[in-house]
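To keep things clear, I will list the structure first and then write my remarks on it.
The values are calculated or read from the model by the stated rules, or taken from the named source; none is laboratory data. Fair warning: this is a prediction, and the values are worked out from it, not measured in the lab. Using ideal geometry, Cβ is built from the backbone for each residue, glycine included, and neighbour counts are taken over all protein chains shown. The area values use the complete protein model at the heavy-atom level, side chains included, leaving out ligands, DNA and RNA. Shrake-Rupley method; radii C 1.70, N 1.55, O 1.52, S 1.80 Å.
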Amino acid sequence: MLSRTRLAATTTSAIRSRPAAAAANRNNNAVGFFSSSLGSRRPLSSAAVPTWATLDPSSLGCTSEPYAVSNLVDGAWVSDSITSQNKIIIPNPMDKDAPPICTVPDTQVEELGPFIESMRKVPKSGVHNPLKNVERYLQFGEISRKAGEALADPTIASFFATSIQKTVPKSHAQALGEVKVTASFLQNFGSDNVRFLARSFGIPGDHAGQFSHGHRWPYGAVAIIAPFNFPLEIPVLQLMGSLFMGNKPVLKPAEKCSLVMEQFLHLLHDCGMEKGDVDLLNCRGPVAERLILDGDVRLTQFTGSSSVAERLLEVTKGKVKIEDAGFDWKILGPDVADVDYVAWQCDQDAYACTGQKCSAQSILFAHRNWEEETVGLFDKLKVNASRRSLDDITVGPVMTVTTERILDHTAQLLAIPGAKLLFGGKELRDHNIPEVYGAVGPTAVYVPLRGMLKEEHFDVCTTEIFGPFQVVTTFDDTEMCHVIEACERMSHHLTAAVVSNDVEFQSTILAHTVNGTTYAGRRARTTGAPQNHWFGPAGDARGAGIGTPEAIKMVWSCHREIIMDSVVPKDW
């Protein structure tokens with residue numbers, strides 16, 4: 001049943017004053033950014049905090065008492081039961097000497113009882129389905145409409161953009177873009193569009209009274225394990241998809257950024273969602289695994305590293321939909337044009353969000369026409385990369401790969417005969433980023449194509465570094481078969497780009513590759529996960545999509561056939 005609380009997020013009454021947090025005295029530009037929330041880019045006033053919010057993002061990392069994130073289980077927010085020693089302290093990612101951003105419950109296995117009970121209470125037929133509690137389809141359509149309307153409000157958008165930037169530093173444009181995509185997704189599924197996801201179909205039977213109905217059926221108790229790099233977009237899109245189809249999800253966000261989804265759940269409650277519809281669990285990986293096994297979770301959707309994905313697939317006996325690693329390629333065809341635009345898009349694909357996108361450009365295959373002196377593509381890439389700065393967080397902390405690991409990988413590649421450093425390969429200057437994170441400038445290493453394909457080099461050349469790092473190589477017309485061979489030998493097939501308006505070249509590459517989200521044409525990119533098309537891997541039966549009706553139905557529901565056979569003929 002819808003809560004009687006009405007959405008007030010888009011009105012001035014939804015904003016209450018909060019005292020401005022005292023800015024910490026810092027001696028470098030990067031820390032100055034954190035003290036002023038959004039730096040020089042449309043700063044968020046400390047007074048602009050929604051009524052449903054439990055934190056002021058402008059104060060995160062600036063006060064001696066860090067914000068304490070809570071768990072949510074079976075309709076109740078839980079924080080008091082978590083003892084002080086069972087907290088994860090999240091350091092300020094931009095300044096190791098600053099106060100922590102927040103603390104997160106370090107829930108232990110022995111504290112999982114309420115979560116296990118909450119999951120076990122969910123029937124296999126779900127909370128709603130095409131024959132049960134059907135009014136919830138309309139209720140979630142209204143909740144989605146209200147939440148989308150809220151995120152479209154500039155004040156609410158800035159609240160979430162700042163929260164994202166404080167936990168996972170990225171430029172204002174990137175953080176705000178994440179909020180915009182999420183808002184558009186929610187607006188797409190307003191009103192009747194949730195129940196349209198559960199559209200059934202019918203087929204006439206063999207005789208009078210027989211009719212076959214195909215339905216989309218929920219799984220019941222499900223789990224979502226979300227990554228750090230898109231603290232709002234990825235978990236929201238998967239969370240709402242699971243709810244739309246009738247499931248009860250437990251959400252386990254990345255510890256570094258879990259406060260973003262905590263705040264989004266507060267928004268959903270303000271929009272009318274019952275608190276018991278979603279559980280929020282903050283914990284480490286092994287504890288989440290225990291809940292999945294002991295809570296009879298029937299499906300887990302995982303976005304993250306391939307090693308964790310393989311572990312979950314093993315322990316759950318395959319009951320996982322994954323969107324894991326992506327070593328994503330871009331191929332520049334022989335038809336050179338719009339060089340400045342292509343160079344800009346390559347820079348965005350490889351280094352936006354400090355390269356921490358599963359769709360980031362990991363390797364660039366450029367036709368030799370692009371390296372001619374009159375074209376100068378590689379020089380333009382270097383110039384574009386040099387403009388990235390800690391000041392506006394167009395480059396920032398690498399949250400899962402240390403500086404040492406990135407520089408060691410660079411050295412491994414440079415040991416390949418013919419390899420050379422195009423640019424980067426150095427630690428950032430004048431930073432105070434904690435040692436647990438990486439701090440390396442945008443880097444590109446050239447490796448000859450034929451050398452890359454050698455058995456002893458291929459694995460290192462196609463190892464994903466989840467940071468501002470790419471491999472670059474070149475080819476001519478006679479070596480297209482080697483480019484296709486390289487794409488075929490890669491193990492993960494998420495995104496790709498064929499930058500060419502040459503129809504024959506396009507067709508050849510597209511016909512012999514498999515990546516699930518592939519752009520083609522002069523404006524082709526690898527980093528594209530908006531709300532208007534499918535995003536996900538291909539070539540893997542375990543793969544999960546995101547964002548579209550097809551993705552939601554594939555991941556969050558299964559097919560159920562009900563055959564009605566009611567009339568017994570008199571002469572049977």
Dipole magnitude of segment 218-355, debye to nearest 20 (Cβ charges: Lys/Arg +1, Asp/Glu -1, about Cα centre): 700 debye
Sorting P235, P249, C283 by the position of each Cα along the dipole of segment 235-287 (Lys, Arg +1; Asp, Glu -1; all at Cβ), the one nearest the positive end of that ordering is C283
Ignoring everything but the protein chains, give the 1.4 Å probe accessible area of Y446 in square angstrom, nearest 10. 30 Å²
Rg to Rh ratio, segment 444-572, alpha-carbon atoms and Kirkwood radius? 1.20
So, for segment 349-485, what is the accessible surface per residue at a probe of 1.4 Å, expressed in square angstrom? 40 Å²
With a 1.4 Å probe and all protein chains in place, put W329, W52 in order of accessible area, largest first. W52, W329
Ordering D392, D338 by how much accessible area each has at a 1.4 Å probe, largest first, what is the list? D338, D392
With +1 assigned to the C-beta of every Lys and Arg and -1 to the C-beta of every Asp and Glu, and no other charges, what is the dipole magnitude of the chain about the Cα centre in debye, to the nearest 20? 1420 debye
Shape of segment 205-269, Cα gyration tensor, a/c cut at 1.5: prolate
Label-point separation (nm) for K570 and S200, each offset 7 Å from Cα along Cα-to-Cβ? 3.1 nm
So what does the Cα-only Debye profile of segment 421-468 read at q = 0.21, 0.26 Å⁻¹, as log10 I(q)/I(0), no solvent term? -0.82, -1.01
How would you rank 511-523, 221-233, highest first, on the average number of other Cβ atoms within 10 Å across their residues? 221-233, 511-523
Counting sequence-distant residues (5 or more places) and residues on other chains, those with an amide H built under 5 Å from that of A68 are T103
Using the Cα gyration tensor of segment 66-208, with a ≥ b ≥ c the square roots of its eigenvalues, what is the shape: rounded (a/c below 1.5), prolate (a/b larger than b/c) or oblate (neither)? oblate
Counting helices only, and only those DSSP H runs with n ≥ 4, report the 222 nm mean residue ellipticity of the chain as the sum of -39,500 (n - 2.57) divided by its residues, in deg cm²/dmol to the nearest 500. -9500 deg cm²/dmol
How much solvent-accessible surface does I563 expose, in Å² to the nearest 10, with a 1.4 Å probe and all protein chains in place? 100 Å²
Backbone HN-Hα couplings from phi across segment 489-500 [Karplus 6.51/-1.76/1.60, Hz, Gly and Pro as x]: 7, 5, 8, 10, 10, 8, 10, 6, 9, 10, 8, 5
Report, in whole Å, the centroid distance computed from the Cα atoms of segment 307-357 and segment 145-189. 22 Å
From highest to lowest solvent-accessible area (probe 1.4 Å; ligands, DNA and RNA excluded), C558, C358 read C558, C358
Considering segment 127-182, what Rg and Dmax in Å follow from its alpha-carbon atoms? 15.4, 46
How high is the FRET efficiency from A208 to D296, r the C-beta distance, R0 60 Å, rounded to 0.05? 0.90
Under Karplus coefficients 6.51, -1.76 and 1.60, residue-wise ³J(HN,Hα) of segment 254-264 in Hz, glycine/proline x: 5, 4, 4, 10, 5, 5, 5, 6, 4, 5, 5
For the chain, compute the orientation-averaged projected area of the C-alpha convex hull (one quarter of its surface), in nm². 29.6 nm²
Take each of the peptides 304-311, 287-294, 208-215, 154-161, average the number of other beta-carbon atoms within 10 Å over its residues, and list them starting from the highest. 154-161, 287-294, 304-311, 208-215
Provide the per residue accessible area, probe 1.4 Å, for segment 60-160, rounded to a whole number of square angstrom. 42 Å²
Karplus (6.51, -1.76, 1.60) ³J(HN,Hα), θ = phi - 60°, over segment 273-279, in Hz, Gly and Pro reported as x: 6, 5, 5, x, 6, 9, 9
Heavy atoms only, probe 1.4 Å: what % of the accessible area of the chain goes to carbon and sulfur, would you let me know? 51 percent
Charges on Cβ only, +1 for Lys and Arg, -1 for Asp and Glu, centred on the Cα centroid of segment 365-463; of T402, T462, I433, which one is farthest towards the dipole's positive end? T462
Dipole check, segment 80-169, charges on Cβ (K,R +1; D,E -1), about Cα centroid: among P100, G141, G113 the Cα furthest to the positive pole belongs to G141
Taking Rh as the Kirkwood radius, which is the inverse of the mean 1/r over Cα pairs, what is the Rg/Rh value for segment 176-242? 1.18
Treating only the Cβ atoms of Lys and Arg (+1) and Asp and Glu (-1) as charged, compute the dipole magnitude of segment 372-481 about its Cα centre; round to the nearest 20 debye. 240 debye
With a/c under 1.5 counting as rounded, go ahead and sort segment 48-148 into rounded, prolate or oblate using the C-alpha gyration tensor (a ≥ b ≥ c being the square roots of the eigenvalues; past the cut-off, prolate if a/b is larger than b/c, else oblate). oblate
If you consider only alpha-carbon coordinates, what radius of gyration and Dmax does segment 149-208 have, in Å? 19.4, 65
Would you mind calculating the gained length between A511 and L421 on full extension (0.36 nm times residue separation, minus the Cα-Cα distance), in nm to one decimal? 29.1 nm
What does the accessible area of E110 come to, in Å² to the nearest 10, when a probe of 1.4 Å is used? 150 Å²
Would you mind working out the accessible area per residue for segment 165-248, using a 1.4 Å probe, and quoting it in Å²? 29 Å²
At q = 0.14, 0.21 Å⁻¹, what is the log10 ratio I(q)/I(0) for segment 454-523, with the Debye formula run over Cα points and no solvent? -0.48, -1.10
